[in-house]
Structure formats: C-alpha cells, structure tokens
Amino acid sequence: MRQLYDQPAYTFFKQLGGKYAVTRSVLFNTAITNGFDGGPNTLASLIVTTNQNFTKKTTGSSGNSLSVNGYQVDEIVWLKKFLDVRLNANGYADQSNINSYRYIINNGAYDWKPSVKVLDNSGKVVSVDCNAIRN
C-alpha cells in the first residue's frame, strides 16, 4: 500500500509544499479512493482542478503556504477547496470522509500528535491514537 498509494500522494504533497498531517492524509485517502493518475477524478486531476481556483496570493491562518500557479496559497484554504472539488467529483458516496476531514480542519487539528479526533462513518466523534499508527 505504501508504494502504490502513499509514495505518489507524498510526491504531490511535497511538490505543493505541504506541511500538515491532515493534508497528507487527505491526499493519501484520495489516492486510495480515486487512484492517483490517469483519469478525470484521480488525485492528480483533482489537484489540477483545485489549483485552477487560485489565481492570486491567498492568505489564511494555517501558518504554511503552498506554491500554486506561482502564488502563495494558505495550505488549509487550499485543502478546503480540494475537499469541495473532491466532493463534487465523487458525490454523496464520499460524504463521510469529507465530513471527517472538515471536522478535523474546523477544530484546527492540522498535525496529529499524539492523537486526533475524527468522525466515524455514522458521524460520531472518536479519537485515534496516532502513536499507535506510527509504531
């Protein structure tokens, strides 16, 4: 799984200049659900579509900027737009994933140390121990 999905997602993450675990996770999850290249709703295609929305410097409060079309774009502003683009492409079937990521973002949990609160598929808040995942 690491070679098939994580490496391509990580390559996109680094090319963008990503810093936060939530962004990396969204890209990884998108590679799994949509594939990473070669189709209209793949990770690569969704990044291109997202990037088309940014034609000027876009500020935010995340503390990190991505390089998008030659402009600095706040990482979390970009990520929110990416989730909108992904939901538009995938529709209702992807709603629980999107809701969980939006919950994480809205709670400012951009990095996951030592745990993160997420929404399960029923919308219930659960805590994930990230130290257990890393080991």
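For this structure, a couple of remarks:
- Positive-pole candidate from THR33, ASN90, PHE54, dipole of the chain, charges at beta carbon: PHE54
- Across the chain the C-alpha pair distances fall into 5 Å bins from zero in the proportions 2, 11, 20, 23, 23, 14, 6, 1, 0 percent.
- For the set LYS56/LYS113; LYS56/LYS117; LYS81/LYS117; LYS14/LYS113; LYS57/LYS124, the pairs lying more than 30 angstrom apart at their alpha carbons are LYS56/LYS113; LYS56/LYS117; LYS57/LYS124.
- In plain terms, the chain from THR55 to ASN69 could stretch by 4.3 nm, reckoned as 0.36 nm per residue minus the Cα-Cα distance.
- Rounded to whole Hz, the Karplus (6.51, -1.76, 1.60) HN-Hα couplings of the range 98-106, x for glycine and proline: 4, 4, 5, 5, 5, 4, 4, 5, 4
- 222 nm mean residue ellipticity, helices alone, for the chain (DSSP H n ≥ 4; -39,500 (n - 2.57); rounded to 500): -15000 deg cm²/dmol
- Two-site label geometry, ASN107 and VAL126: point separation in nm, points 7 Å out along Cα→Cβ: 1.3
- For the chain, the solvent-accessible area of protein heavy atoms averages 55 Å² per residue (probe radius 1.4 Å; ligands and nucleic acids excluded).
- Sorted peptide list for 87-98, 34-45, criterion being average Cβ within 10 angstrom, highest first: 34-45, 87-98
The values are calculated or read from the model by the stated rules, or taken from the named source; none is laboratory data. Note that the coordinates shown come from a computational prediction; the quantities given were computed from them, not determined experimentally. Glycine also receives a Cβ, built like all others from the backbone with ideal geometry; neighbour counts cover every protein chain displayed. To get the accessible areas, we keep the full protein, side chains included, count just its heavy atoms, and leave off ligands, DNA and RNA. Shrake-Rupley method; radii C 1.70, N 1.55, O 1.52, S 1.80 Å.
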